[in-house]
Amino acid sequence: MTASLKRLLAPRSLALIGGAWTDAVLTASRVIGYEGEIWRIHPNRESSLAQRYYRSVDELPAAPDAAFIAAPARDVPAISAALARRGAGGFVCFASGFSEIATDEGERLTQALLKSAADLPFFGPNCYGFINFFDGVALWPDQVTGVRRERGVALICQSGTLALNLLFNDRSLPIGYLLTVGNQTCLAAEDLIELAISDPRVTAIGLYLEGVRDPQRLTQAATRARAAGIPIAVVKSGRTETASRTVRTHTGALSGADAVFDLFCRQAGIARCESLATLCETLKILHCGGPLRGRRVLAMGASGGDMAMAADTARHLELDFAPIPAASAARLQEILGERVQVSNPFDFHTHVWFDYPRQRLMFGVAQRAGFDATAFLLDCPPPGADDSAYVRVIEEFIAALPGAPTRGVVASSLPESLSAATRERCLAAGVVPLQGQREAFEALDLAAAIGAAWRERSEVRLLRPGVVPSAAQALGEYQAKQALAAFGVPVPRARLVASTIEAAVEAAAGLGFPVVIKAAGAILEHKSDLGGVALNIRTPAEARLAATRLASLADTLLVEEMVSDGVVEILVGMSVDPQFGQLLLLGAGGVLTELLRDSVTLLPPFSAAVIRTAISRLRIFPLLQGYRGKPPGDLEALVQLALDVTRYAAAHLERLTELDINPVIVRPAGCGVVAVDALIRLASGE
């Protein structure tokens, strides 16, 4: 596929099939400087001395490397069959009226197109095409802006309009490929990621996605991109979309569809951007040296207002505005004098504004103070005004950078306050020009997140059932606990009895007081809400009273030992996302689950180290460490229980729909953990 795609994307001959839209493609080809053969095909247009028209693909003098089809949808299958018969390299199907219209006729035409194209790779249908700024090719029915590139980013978009928006950016984003996929009937975003990875001219990959066609292939492509040192940033629409499946457990409710994609990005080391603007700024950072090695950022400028805004803007991010180390701070104080307070963010005032040797000294010290990125915040006058003094300061920042172990950044508070000429001067020097303070800090944070994922060797290996189970039955609590116990999950000593009063009292006495008595039954999935649980029963009389009440709720009762030395209650659960498969969820348990919504979710592979780190991110983690004189909890036993749960889930991959242990009572260190309530839902099967 990659070899065929290279022929399609860097063709030596083009066939433009259709009327007005292909006129626009011809114009785009001329603008970008395409040097190969261009053949026009139209059944009715007359040839002239300036332009020859062929009536069909069969009349062409040779097989075209690439074709652009802007014909009626009904004619496209026959045209694609002719291209396949001639041995073409592939095509762009601009025509619409296929599966995107969700009709029987649209689906019929889609299947006919797939069959007629045979092994030919194609973009679309309903696709805007592509621009290859590396090789000078534009199968693109619109304006082409931008310049040829020797190195640049690959942009892959599921929307032609948003691809145009990115193309029209005034941010000096160095675009090498702009690729749209339309309906993804043949070529999908995953295929184009593979192509971009194989091209040494590509420095980073940017995606606009509306959906993921093949999560497994996307995972594999992301893994290969990381291995090749090609970082990925993405904007995906649908953040407010609610999960379509019905969930009955806390685990399912806490892991919505968009949250799962967020999780996938974090774990796979992909930067998920909130906007196209942040995508552009993130890609500029990634283009200029890849991910950041850490989150330590020094922000500096000649304005106290800018520095205050910087601190406020970044307050929700994970960037670390650490103090300037003492030695560097002392040297800066020596250079600038006592009137300047050395801090981070660092307002160096305007005392050195026209003292260029001192400026360079100051920048050089700051750039070597041990920060992962050093950001000079400055807004310049608009075109037509005299910006020479501003540009000179930027030049001193650039001149001081060579040899410094930091990423140099020039950032403007307003996107328009950094001219194209200044941005290009920065890029040429390896300094990242970032536009818009919020987007700049978001981009730095995202580039640092990719760097952290790469350093930690974070990865994703999906566990997906062949078919996502739908109709499922809940096991009774006792049966669920026994199933988990077979995989090592610690559960309370228990007896399941018919709902006779004396049988429950006898079971309680046999286990030893105190005990818990519960109404048992698969239909009682939230027993506490129904009053189906009696806790801390300490005498036969209390057992008789509780059993009498609970017998009205269920035919059987579950009598269990009472765990009374808990340090904290934790939720451990598994759910199955329709696209990404099994997920492990860890969070605040018991009555705090819905109140705090304090949880973390993980995709496989699951390991003790990954689970331990995830637990440490919970807001209730201090309780596990021993809070205000309380004993620390048995963290290692909790980690092992979570691993046992994942082993059970993997063994029941094709049937498990939901698993919810809430709560797991974590006892003091060395005393273990106990799963005191559990719900498992399994699809029917052997």
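The values are calculated or read from the model by the stated rules, or taken from the named source; none is laboratory data. Every value quoted in this text rests on a predicted model; they were computed, and no experiment measured them. Note that we place each Cβ from the backbone using ideal geometry, even for glycine, and neighbour counts take in every protein chain shown. Remember, those area values only see protein heavy atoms, side chains included, never the ligands or the DNA or RNA. Shrake-Rupley method; radii C 1.70, N 1.55, O 1.52, S 1.80 Å.
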Residue that is farthest from Pro291 (Cα to Cα) [pool: residues in region 358-375 that are out of contact with any Gly (no Cβ under 9 Å at 6 or more places or on another chain) and open to solvent by 20 Å² or more (accessible area, probe 1.4 Å)] = Arg358
Within region 127-142, identify whether any single residue is out of contact with any strand residue (DSSP E or B) (no Cβ under 6 Å at 6 or more places or on another chain) and without any contact (Cβ under 8 Å) to a residue 60 or more places away in the chain, and answer yes or no.
-> no
Given the conditions (1) assigned to a loop (DSSP other than H, G, I, E, B); (2) touching a Ser or Thr at 6+ places or on another chain (Cβ under 9 Å), which single one is not true for Arg438?
-> (1)
From the set of residues in region 190-214 that are without any contact (Cβ under 8 Å) to a residue 40 or more places away in the chain and not in a helix (DSSP H, G or I), which is surrounded by the fewest Cβ atoms within 10 Å (Cβ to Cβ)?
-> Pro200
For region 103-115, pairs from a residue that is modelled with pLDDT under 95 and of a type in the set (Gly, Ala, Ser) to a residue that is open to solvent by 10 Å² or more (accessible area, probe 1.4 Å) and assigned to a helix (DSSP H, G or I), with Cβ under 6 Å and 6 or more apart or across chains, are Gly106/Ser99
Could you give me the residue pairs with C-beta distances under 8 Å whose first residue belongs to region 489-503 and is farther than 16 Å from Gly476 by Cα and open to solvent by less than 40 Å² (accessible area, probe 1.4 Å), whose second residue is of a type in the set (A, V, I, L, M) and part of a helix (DSSP H, G or I) wherever it lies, and which are 6+ apart or on separate chains?
-> Val489/Leu641; Val489/Val645
List the pairs whose first member sits in region 25-38 and is within 15 Å of Val92 (Cβ to Cβ), whose second member is assigned to a helix (DSSP H, G or I) and open to solvent by less than 30 Å² (accessible area, probe 1.4 Å), and whose Cβ atoms are under 8 Å apart, counting only residues at least 6 apart or on separate chains?
-> Ile38/Leu26; Ile38/Ser29
In region 568-580, the residues that are surrounded by 23 or more Cβ atoms within 10 Å (Cβ to Cβ) and touching a strand residue (DSSP E or B) at 6+ places or on another chain (Cβ under 7 Å) | Val568, Ile570, Leu571, Val572, Gly573, Met574, Ser575, Val576, Asp577
Out of all the residues in region 155-181, which are over 19 Å from Val137 (Cα atoms) and either in a strand (DSSP E or B) or not polar (S, T, N, Q) (or both)?
-> Leu162, Asp170, Arg171
Have a look at Ser159, Ser116, Ser172 and point out the one that is touching a Lys or Arg at 6+ places or on another chain (Cβ under 7 Å) and open to solvent by less than 30 Å² (accessible area, probe 1.4 Å).
-> Ser172
Just a yes or no: is a residue in region 132-146 within 18 Å of Gln184 (Cβ to Cβ), at pLDDT 95 or above and open to solvent by 10 Å² or more (accessible area, probe 1.4 Å)?
-> no
Would you check which residues across region 646-673 are surrounded by fewer than 23 Cβ atoms within 10 Å (Cβ to Cβ) and over 32 Å from the mean Cα position of the chain (by Cα) and list them?
-> Arg667, Pro668, Ala669, Gly670, Cys671, Gly672
Say whether the condition of being at pLDDT 95 or above and closer than 26 Å to Cys288 by Cα is met by at least one residue in region 116-126.
-> no
Hey, any hits in region 13-21 for a residue that's in contact (Cβ under 8 Å) with a residue 60 or more places away in the chain, under 40 Å from the mean Cα position of the chain (by Cα) and open to solvent by 30 Å² or more (accessible area, probe 1.4 Å)?
-> yes
Within region 86-125, the count of residues that are within 32 Å of the chain's Cα centre (by Cα), of a type in the set (D, E, K, R), assigned to a helix (DSSP H, G or I) and within 24 Å of Leu195 (Cβ to Cβ) comes to 1
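Every residue, every condition in (1) within 19 Å of Phe123 (Cα to Cα); (2) of a type in the set (Gly, Ala, Ser), yes or no:
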residue	(1), (2)
Ala20	no, yes
Thr27	no, no
Pro43	no, no
Pro64	yes, no
Val92	yes, no
Within region 397-430, residues being among the aliphatic types (A, V, I, L, M), surrounded by fewer than 21 Cβ atoms within 10 Å (Cβ to Cβ) and under 29 Å from the mean Cα position of the chain (by Cα) number 2
Mind counting the residues in region 448-495 that are in a strand (DSSP E or B) and farther than 30 Å from Arg217 by Cα?
-> 4
Which members of region 603-644 meet the condition of being touching a residue at least 24 places away in the same chain (Cβ under 8 Å) and either aromatic (Phe, Trp, Tyr) or in contact with a Ser or Thr (Cβ under 7 Å, 6 or more places away or on another chain) (or both)?
-> Phe606
Region 585-686: helices (runs of 4 or more DSSP H) wholly inside it with 2 or more residues that are closer than 14 Å to Ser575 by Cα are 635-651
Take the residues in region 1-58 that are among the hydroxyl-bearing types (Ser, Thr, Tyr) and modelled with pLDDT of 95 or more, then tell me which one is nearest to Ala138 (Cα to Cα).
-> Ser29
For region 376-396, does any single residue satisfy the condition of being farther than 21 Å from Thr350 by Cα, in contact with a strand residue (DSSP E or B) (Cβ under 8 Å, 6 or more places away or on another chain) and open to solvent by less than 20 Å² (accessible area, probe 1.4 Å)?
-> no
